[in-house]
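Written out below as C-alpha cells is the structure these notes cover.
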Amino acid sequence: MKRIMMFGCVIAAMAGFTACNDDNTGNGGYEGINYIYLSTQEGKTTLYETDSDPLVVEVMLTAALEEDLSLNFALTGTEGVVTLDGNPVTIKAGEKTASFNVVSNNANVLDAAANYTVALAGDVVLPENVELKEALAFVVSPMTLEALTDAQKAILEAYKTSAGVDLSKYIGVVNVSTVITGTDPDTYEPLDPRTVTGKTLITLSESATAEAPVLKMLTNAMGIEDHMYQILRSVTVDADDYWYGEYTLPCYATLMNTLGWSKTSEEVFTMSLDGITFGADKSVEFLGDGLSQYEDEITIVPFDYYFTAYEREKAAIADGSLDPSADPEWAYDATADPYYHLNCDDITEDLYEYGNWIEASASVSDSALTFTFCVYGCYLDGDYTRIVATYTPNN
C-alpha cells in the first residue's frame with residue numbers, strides 16, 4: 001500500500017492566508033498574485049478503494065473577488081477508480097473558500113496503489129492575476145486481503161477460547177480514531193490534542209501461533225501515517241532554515257538534486273507495524289527494538305517505513321552517483337532515511353521531563369483495541385508526541 005502527499009501547497013497557503021487576513025471583500029487592496037490553493041481536510045491524501053467516505057478537497061483564494069469564480073477541476077490517473085463530486089465549484093463574490101469531493105467508485109480494480117492529481121481543467125479561463133498555486137496529488141490504494149486459511153482461523157479460535165476475545169473482528173479494513181498530542185517546541189508544554197480518523201488494513205502475522213496470536217498492520221499503522229510524513233517533511237525538504245539558503249551546507253542541495261526530491265516532488269510514504277502480540281491474559285505487547293540517530297539501541301514502537309525518496313537514495317549510493325562519505329562536510333541529517341528522522345529515541349522512560357511522555361500500554365476487548373504510546377520525532381516536532389489509537393471492531 002502506498003501513500004503520496006504534497007504539503008508544499010499548505011505551507012505556501014499559510015503565507016497567503018496571512019497576507020489576506022484583512023481582506024474579506026473585493027481584493028481589499030491586495031496587489032499580489034491571487035492564488036488558488038488546494039488542500040484536504042486533516043491533511044489526508046489517501047483514499048482507499050473500499051472507502052465510503054470521500055476525500056474532501058478544500059479550495060481557497062488568497063483574496064476574495066468581486067464576482068463569482070467558477071472552477072472546473074479534472075483528474076489525472078487511472079480511469080474509472082474515482083470521480084469528482086460537487087465539481088465544478090463556485091467561490092461566491094466576497095468569499096474565499098469552496099470545496100468538492102473525490103469519491104471512490106468502489107470498482108475494486110486496483111492491484112497496487114495508484115497516483116492521482118487534481119488540477120484545473122484545461123479549458124478553464126481565469127481572471128487576470130488569478131493562478132492555481134499547484135495541483136493536489138493523492139493516492140488511491142486497494143484494501144483487500146486474501147481469505148484466512150483454516151490454520152489462521154484455528155489460531156483466532158484458540159485465542160477466543162483462551163482469552164474470550166474475538167480477534168477476527170480486528171482483521172481486514174478496521175476503523176481507527178487517533179488522538180495526537182504534540183509538544184510545543186518553544187515551551188515544551190503539551191499542545192491541544194487533535195483527533196484524526198482513518199482506516200488500517202490488519203492481518204494475522206506470519207509469526208502468529210495458537211498460544212500467541214500476532215497481528216500486523218499493513219497500512220496506516222496506528223492511524224498516524226499522515227502525521228509522521230508531515231514530520232519527516234518538516235525536518236527535510238520543508239526545513240527552509242536548515243536545508244536552503246546561502247549559508248546552508250551544499251550537501252542538502254546535492255542530495256535533493258541527485259534524488260529529484262523537492263517540496264513538490266510526488267513521493268510515496270507508507271508505514272506498517274508487525275509483532276503486535278496477544279497473551280491469554282489479554283495482555284498486548286507491541287514495543288520492539290530500534291536505533292537512535294546515534295545508532296544506540298533503543299526501545300520504540302518498531303514501525304517499518306517505505307519512502308520513495310529514500311529508495312532512490314539507496315540506489316544512488318549503490319551505483320556511485322551519490323557518495324556522502326566523500327564529502328567531509330556532509331551533514332548526518334542530509335538523508336531521506338525515515339528511520340533516521342522519525343521515532344528515533346527510547347520511549348520506555350521520560351528522558352526529557354517535558355510533561356508529555358506517557359508509558360506505553362495497550363488493551364483489547366470485543367469493543368475496542370487501544371494503544372497508548374509516545375513517538376519522538378525530532379526537535380522540530382517538540383520532542384515527545386503522545387498517541388492514543390483506538391480501533392473499532394468490525395461486525
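The values are calculated or read from the model by the stated rules, or taken from the named source; none is laboratory data. Please read all numbers here as calculations on a predicted model, not as lab measurements. Cβ atoms come from the backbone with ideal geometry, glycine included; neighbour counts cover every protein chain shown.
Looking only at the range 332-345, count every residue that is of a type outside the set (D, E, K, R), surrounded by 17 or more Cβ atoms within 10 Å (Cβ to Cβ) and in a loop (DSSP other than H, G, I, E, B) and tell me the total.
Qualifying residue count for the region: 6.
Return a yes/no flag: does the range 370-379 have any residue that is in a loop (DSSP other than H, G, I, E, B), in contact with a helix residue (DSSP H, G or I) (Cβ under 8 Å, 6 or more places away or on another chain) and at pLDDT below 95. Working first, answer last.
Taking the range 370-379 as the starting set, the residues that turn out to be in a loop (DSSP other than H, G, I, E, B) are 377-378.
Imposing the further condition that a residue be in contact with a helix residue (DSSP H, G or I) (Cβ under 8 Å, 6 or more places away or on another chain) reduces the set to 377-378.
Pick out the ones that are also at pLDDT below 95 and you get 377-378.
Yes, the conditions are met somewhere in the range 370-379.
Yes or no: ALA208 at pLDDT 95 or above, farther than 29 Å from THR78 by Cβ, surrounded by fewer than 13 Cβ atoms within 10 Å (Cβ to Cβ) and not polar (S, T, N, Q)? So that I can check it myself, show each step before the final result.
On the way: at pLDDT 95 or above: yes; farther than 29 Å from THR78 by Cβ: yes; surrounded by fewer than 13 Cβ atoms within 10 Å (Cβ to Cβ): no; not polar (S, T, N, Q): yes.
In short, no.
Suppose the filter is more than 18 Å from CYS374 (Cβ to Cβ), not in a helix (DSSP H, G or I) and not hydrophobic (A, V, I, L, M, F, W, C); does GLU329 pass it? First the steps, then the outcome.
Values: more than 18 Å from CYS374 (Cβ to Cβ): yes; not in a helix (DSSP H, G or I): yes; not hydrophobic (A, V, I, L, M, F, W, C): yes.
Here the answer is yes, as GLU329 does meet what is asked.
Is it the case, given these coordinates, that TYR35 is in the same structural domain as LEU120 (by TED's automatic domain parsing) and either surrounded by fewer than 16 Cβ atoms within 10 Å (Cβ to Cβ) or in a strand (DSSP E or B) (or both)? Steps first, answer last, please.
Working: in the same structural domain as LEU120 (by TED's automatic domain parsing): yes; either surrounded by fewer than 16 Cβ atoms within 10 Å (Cβ to Cβ) or in a strand (DSSP E or B) (or both): yes.
It is true that TYR35 is in the same structural domain as LEU120 (by TED's automatic domain parsing) and either surrounded by fewer than 16 Cβ atoms within 10 Å (Cβ to Cβ) or in a strand (DSSP E or B) (or both).
Considering the range 245-275 alone, what residues qualify as being assigned to a helix (DSSP H, G or I) and of a type in the set (Phe, Trp, Tyr)? Quick ask: steps written out before the conclusion?
Step one: of the range 245-275, the residues assigned to a helix (DSSP H, G or I) are 250-259.
Residue satisfying the conditions is TYR252 alone.
Within the range 313-322, is there a residue that is among the hydroxyl-bearing types (Ser, Thr, Tyr) and out of contact with any helix residue (DSSP H, G or I) (no Cβ under 7 Å at 6 or more places or on another chain)?
no
Taking the criterion of being touching a strand residue (DSSP E or B) at 6+ places or on another chain (Cβ under 7 Å), modelled with pLDDT under 80 and polar (S, T, N, Q), would at least one residue in the range 39-48 satisfy it?
Going residue by residue through the range 39-48, those that are touching a strand residue (DSSP E or B) at 6+ places or on another chain (Cβ under 7 Å) are 39-42, 44-48.
Pick out the ones that are also modelled with pLDDT under 80 and you get 42, 45.
Now drop any that are not polar (S, T, N, Q), which leaves 45.
Yes: the range 39-48 contains one or more residues that are touching a strand residue (DSSP E or B) at 6+ places or on another chain (Cβ under 7 Å), modelled with pLDDT under 80 and polar (S, T, N, Q).
Name, by its number, the condition in (1) charged (D, E, K, R); (2) free of Cβ contacts under 8 Å to residues at least 40 places away in the same chain; (3) touching a strand residue (DSSP E or B) at 6+ places or on another chain (Cβ under 9 Å) that does not hold for ASP319.
(3)
Quick check on this structure: which one of LEU136, LEU120, LEU132 is surrounded by 17 or more Cβ atoms within 10 Å (Cβ to Cβ), touching a helix residue (DSSP H, G or I) at 6+ places or on another chain (Cβ under 9 Å) and at negative phi? Explain how you work it out, then say what you get.
Details: LEU120 fails: touching a helix residue (DSSP H, G or I) at 6+ places or on another chain (Cβ under 9 Å); LEU132 fails: touching a helix residue (DSSP H, G or I) at 6+ places or on another chain (Cβ under 9 Å).
Among LEU136, LEU120, LEU132, only LEU136 is surrounded by 17 or more Cβ atoms within 10 Å (Cβ to Cβ), touching a helix residue (DSSP H, G or I) at 6+ places or on another chain (Cβ under 9 Å) and at negative phi.
Restricting to the range 200-239, give me the number of residues that are over 12 Å from the mean Cα position of the chain (by Cα) and either of a type in the set (Lys, Arg) or assigned by TED's automatic domain parsing to the domain that holds VAL56 (or both).
Narrowing the range 200-239 to residues over 12 Å from the mean Cα position of the chain (by Cα): 200-218, 234-239.
Checking which are either of a type in the set (Lys, Arg) or assigned by TED's automatic domain parsing to the domain that holds VAL56 (or both) leaves us with 216.
Selection size over the range 200-239: 1.
Within the range 51-85, how many residues turn out to be under 23 Å from THR197 (Cα atoms), of a type outside the set (Asp, Glu) and surrounded by 15 or more Cβ atoms within 10 Å (Cβ to Cβ)?
Final tally of qualifying residues: 8.
When the residues of the range 176-196 are narrowed to those that are in contact with a strand residue (DSSP E or B) (Cβ under 6 Å, 6 or more places away or on another chain) and aliphatic (A, V, I, L, M), which ends up surrounded by the most Cβ atoms within 10 Å (Cβ to Cβ)? If you could, list the steps in order and put the result at the bottom.
First, the residues of the range 176-196 that are in contact with a strand residue (DSSP E or B) (Cβ under 6 Å, 6 or more places away or on another chain): 176-183, 190, 193-196.
After this cut, where a residue has to be aliphatic (A, V, I, L, M) as well, the list is 176, 179-180, 196.
Numbers: VAL176: 22, VAL179: 15, ILE180: 20, VAL196: 20.
Result: VAL176.
Return the residues of the range 143-175 that are surrounded by fewer than 18 Cβ atoms within 10 Å (Cβ to Cβ) and under 19 Å from the mean Cα position of the chain (by Cα); say none if nothing qualifies.
VAL173, ASN175
Any residue in the range 280-303 that is under 25 Å from ALA163 (Cα atoms) sitting within a Cβ distance under 7 Å of a residue that is assigned to a loop (DSSP other than H, G, I, E, B) and polar (S, T, N, Q)? List the pairs, counting only those 6 or more apart or interchain.
VAL301/ASN343
Quick one: in the range 213-244, of everything that is assigned to a loop (DSSP other than H, G, I, E, B) and within 29 Å of SER162 (Cα to Cα), which residue is modelled with the lowest pLDDT?
The initial filter retains those residues of the range 213-244 that are assigned to a loop (DSSP other than H, G, I, E, B), namely 213, 218-220, 224, 235-239, 244.
Subsequent filtering for residues that are within 29 Å of SER162 (Cα to Cα) retains 213, 218-219.
Details: PRO213: 97, LEU218: 93, THR219: 89.
Per the criteria, the residue is THR219.
Sort out which residues of the range 102-123 are modelled with pLDDT of 95 or more and either more than 22 Å from VAL268 (Cα to Cα) or aromatic (Phe, Trp, Tyr) (or both), and write them in order of number.
LEU120, ALA121
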